[in-house]
Amino acid sequence: MRVLITGAAGFIGSHLCDRFLREGHEVIGLDNFLTGSPDNVSHLFGNPNFRFFKYDVTNFIYLEGELDLILHFACPASPVDYMNHPIHTMKVDSMGTLHTLGLAKLKGARYVFASTSEVYGNPEVHPQPETYWGRVNPIGPRSVYDEAKRFSEALTMAYHREHGIDTRIARIFNTYGPRMRVNDGRVVPNFIYQAITGKPLTVYGDGSQTRSFCYIDDLVEGIYRLAIEEGLSGEVFNLGNPTEHTILDLAKLIIDIAGSPSEIVFTDRPVDDPDRRKPDITKAKKVIGWEPETSIEEGLKRTVNWFREKLVAG
Ligand code: NAD
Ligand code: UDP
C-alpha cells in the first residue's frame with residue numbers, strides 16, 4: 001500500500017511510520033514539527049520507501065500518484081501543548097481533517113482518524129464503551145481539543161455517509177512510550193523525567209483521578225489491524241489498555257521502577273481534568289482480535305530506559 005501519515009514526526013505517528021515500512025508498505029510522512037521532531041524519523045531518511053515533507057496540513061494538500069490509505073494523526077495531544085496552541089489545535093482537527101478527507105475522496109483511499117478518549121469528556125459511564133456519547137464542557141480550556149476531535153469524528157462520518165469513503169475512527173486512550181518529548185507535559189514523561197533527575201513528582205490534586213495507560217507497541221498493533229482489515233468501513237473503536245491506575249499509584253510505581261529518591265508533591269488540579277478513564281475494549285477484542293499485551297511495569301521500564309539514554313545523549 002501507499003500510505004500517507006500526518007503527524008509523522010510525532011510520538012505515535014513516527015512509530016506508525018516504522019510499522020508500515022516494516023510491513024513492506026510505502027510511507028509518505030507529513031509534519032510541521034509543532035510538537036514533533038525530525039529526530040523521531042531521522043533513522044528513516046534514506047529508506048527508499050519513505051518520503052517526508054515538512055508541511056502544515058491546515059493548508060490544502062495535494063500529492064501526485066495513487067494513495068491507498070491515509071492516517072490523520074497530526075494534532076497536539078498533550079493538554080499542555082493543546083492549551084498552548086488552542087487555535088492551531090482546532091484548525092488541525094477541522095481544516096486538517098477536511099483536507100485529508102478531501103484527499104481520501106480524490107484518491108479513493110481508506111481513511112483512519114486518530115480520535116481520543118477525550119471525546120467522552122469527564123465521563124458518567126465507566127468504563128467507556130464506543131456507544132457512550134460523552135460529557136464534554138464545550139467552552140472549557142480542554143474544549144479546543146475535545147470539540148475539535150468530536151467535529152473531526154462527525155466530519156469523518158459525513159464523508160463516509162455522503163461519499164462512501166472507507167473510514168475508521170480510533171478513540172485512543174492514554175498511550176506512552178519512547179519518543180514522547182521529555183517536556184511534553186503529559187503525566188508519564190513528567191513523572192519519569194522528575195524521577196530520574198531526582199526532582200519531586202508533581203501530582204495534580206490528590207492523585208485519586210484515574211487513567212489507563214497503553215504501551216506504544218500495543219497501540220500500534222491495534223491501529224495497524226484497524227487500518228488493514230477489511231469490512232470495517234464507518235466503524236469506531238476504542239484502543240487502550242483497560243487496566244486502570246490512580247495517578248498517585250502511577251507516581252509511586254515510577255519512583256519504584258526508576259529507583260528514584262524523589263518525593264511526591266501535590267499541586268492544583270487542572271480545570272475540567274477528567275476524574276476517571278478506562279476503555280471498554282470488548283469491540284476491539286471481538287472484531288479485530290486485539291488487546292494490549294504489555295504490562296505497565298514492563299512498558300514503564302522500557303520508557304524509563306529510553307528517557308535515561310535520551311537525557312545522557314542530550
Ligand atoms: P504528538 O504531539 O507527539 O504528535 C502530533 C504530531 O502532529 C507532531 O509531530 C506535530 O508536529 C504534528 N502536527 C501538529 N499540527 C500539525 C499540522 N498542522 N500539520 C502537520 N503536522 C502537525 O502527539 P501524539 O501523542 O503522537 O498524538 C498523535 C495523535 O494521536 C493526535 O491526533 C492525538 O490527538 C492522538 N491521540 C494520542 C493519544 C496519546 O495518548 N498519545 C491519546 C489520544 C489521541
Ligand atoms: N497529571 C499529574 N501530574 C503531572 C501531569 C499530569 O498529576 O505532572 C495528571 C493530570 O491532572 C491528569 C492525569 O495526570 O489527571 C493525566 O494527564 P495527562 O496530561 O497525561 O493526560 P490527560 O489524560 O489528562 O489527557
Tally, over segment 41-90, of residues that are near ligand 1 (Cβ under 8 Å from one of its atoms) and within 19 Å of GLU23 (Cβ to Cβ): 1
Residues that are of a type outside the set (A, V, I, L, M, F, W, C), within 12 Å of ligand 1 (Cβ to nearest atom) and within 24 Å of ASP166 (Cβ to Cβ), drawn from segment 118-149: LYS149
Qualifying residue in segment 149-162 (condition: in contact (Cβ under 8 Å) with a residue 24 or more places away in the chain, of a type in the set (Gly, Ala, Ser) and crowded, with 24+ Cβ neighbours inside 10 Å): yes
Any chance THR303 is in a loop (DSSP other than H, G, I, E, B), among the β-branched types (Val, Ile, Thr) and under 20 Å from the mean Cα position of the chain (by Cα): no
Count - residues of segment 85-137 that are in a loop (DSSP other than H, G, I, E, B) and more than 24 Å from LYS278 (Cα to Cα): 4
Subset of segment 4-63 [part of a loop (DSSP other than H, G, I, E, B), without any contact (Cβ under 8 Å) to a residue 24 or more places away in the chain and closer than 23 Å to GLY177 by Cβ]: PHE45
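Filter segment 64-84 for residues that are in a helix (DSSP H, G or I) and of a type in the set (A, V, I, L, M, F, W, C) and give the result.
Scanning segment 64-84 gives VAL80, MET83.
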Residue satisfying condition, being within 16 Å of ligand 1 (Cβ to nearest atom) and surrounded by 14 or more Cβ atoms within 10 Å (Cβ to Cβ), within set LEU232, LEU248, LEU239: LEU239
Sole residue being modelled with pLDDT of 95 or more, within 19 Å of VAL188 (Cα to Cα), assigned to a loop (DSSP other than H, G, I, E, B) and in contact with a Phe, Trp or Tyr (Cβ under 9 Å, 6 or more places away or on another chain), chosen from ARG276, ARG269: ARG269
Residue in segment 186-208 that is part of a loop (DSSP other than H, G, I, E, B), under 19 Å from THR35 (Cα atoms), touching a residue at least 24 places away in the same chain (Cβ under 8 Å) and within 12 Å of ligand 1 (Cβ to nearest atom) present: yes
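The values are calculated or read from the model by the stated rules, or taken from the named source; none is laboratory data. From a predicted model like this one, the values you see are computed outputs, not experimental measurements. Glycine gets a Cβ as well: all are built from the backbone with ideal geometry, and neighbour counts include every protein chain shown.
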